[in-house]
Amino acid sequence: MSVDWGEVYRSSFEDLVRFLHRKVWDAERARDLAQEVFVRALRHEPENPRAWLFRVARNLAHDEARTVLRRKRHLALLRSETEERKKVPTPDDLLLAREEWAQVRAALEALNERDREVLLLWDAGLSYREIAEVTDLAASAIGTTLARARRRLVDAHGEMEEEHAARN
């Protein structure tokens, strides 16, 4: 059975970019890496194309992280993609949004690799079965792993908010 890569691209590209963006924190680089994933995909016929794409994306993101560390580049912060973008933000709004994203990013980075991977894959729209394929975890463990990862993320974010409040 041949994979309809056009359909896979249409249904998965934006999810893949969002996943990669939260791994590399650079929107343009995330789009480039997503394109690279599809270039590699054209040479394969995986059984589950979507899970395969995210596995390749994860590996490319890990390679990117190693490159970033070697070159000591700084990561760019994600700009909010909410309805707030439709209105002209004030300097205070921009500062607050950057602080919030910095806290979310720091909370994500405080998690262990497995928790961060599972959360980002789930956020990218993968099913539990697909997350299991990408992470090599048992499909039956994904729900519990996600619940614990969410709790750890909330706890980490709460601690950072408390530290921020104590400084002000």
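The values are calculated or read from the model by the stated rules, or taken from the named source; none is laboratory data. Everything quoted here is computed from the prediction, not taken from an experiment. Cβ coordinates were reconstructed from backbone atoms using ideal geometry, including for glycine residues, and neighbour counts include every protein chain displayed.
Can you say whether residue 129 is more than 17 Å from the chain's Cα centre (by Cα) and in the same structural domain as residue 100 (by TED's automatic domain parsing), as far as the supplied structure shows?
The answer is yes for residue 129.
Exactly one condition in (1) crowded, with 20+ Cβ neighbours inside 10 Å; (2) closer than 21 Å to residue 107 by Cα is false for residue 18; which is it?
Condition (1) is where residue 18 drops out.
Give me the residue from region 55-71 that is modelled with pLDDT of 70 or more and either outside the structural domain of residue 24 (by TED's automatic domain parsing) or of a type in the set (A, V, I, L, M, F, W, C) (or both) and, out of that set, farthest from residue 44 (Cα to Cα). Show your work before the answer.
Kept after step one, since they are modelled with pLDDT of 70 or more, are these residues of region 55-71: 55-66.
Within this subset, residues satisfying the condition of being either outside the structural domain of residue 24 (by TED's automatic domain parsing) or of a type in the set (A, V, I, L, M, F, W, C) (or both) are 56-57, 60-61, 65.
Numbers: 56: 12, 57: 14, 60: 16, 61: 20, 65: 25 Å.
Across region 55-71, the extreme among qualifying residues is 65.
Scan region 134-162 and report the pairs whose first residue is more than 20 Å from residue 50 (Cβ to Cβ) and whose second residue is part of a loop (DSSP other than H, G, I, E, B), with Cβ atoms within less than 8 Å and a gap of 6+ or a chain change.
Once the first residue is more than 20 Å from residue 50 (Cβ to Cβ) and sits in region 134-162, its partners that are part of a loop (DSSP other than H, G, I, E, B) give 149/111; 152/111; 153/111; 156/111.
Please specify each residue of region 32-46 satisfying the condition of being over 13 Å from residue 16 (Cβ atoms) and out of contact with any helix residue (DSSP H, G or I) (no Cβ under 9 Å at 6 or more places or on another chain).
Within region 32-46, 43, 45 qualify.
Any chance you could count how many residues in region 22-51 are free of Cβ contacts under 8 Å to residues at least 12 places away in the same chain and part of a helix (DSSP H, G or I)?
4
Residue by residue, here is whether (1) among the hydrophobic types (A, V, I, L, M, F, W, C); (2) surrounded by fewer than 12 Cβ atoms within 10 Å (Cβ to Cβ); (3) modelled with pLDDT of 85 or more; (4) over 16 Å from the mean Cα position of the chain (by Cα) holds:
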| site | (1), (2), (3), (4) |
| --- | --- |
| 106 | yes, no, no, no |
| 115 | no, no, yes, no |
| 134 | yes, no, yes, no |
| 140 | no, yes, yes, yes |
| 149 | yes, no, yes, no |
| 152 | no, no, yes, yes |
| 155 | no, no, yes, yes |
| 162 | no, yes, no, yes |
| 166 | yes, yes, no, yes |
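From the list 34, 30, which residue is surrounded by 13 or more Cβ atoms within 10 Å (Cβ to Cβ), of a type in the set (A, V, I, L, M) and farther than 17 Å from residue 134 by Cα?
Just a single option satisfies the conditions, and that option is 30.
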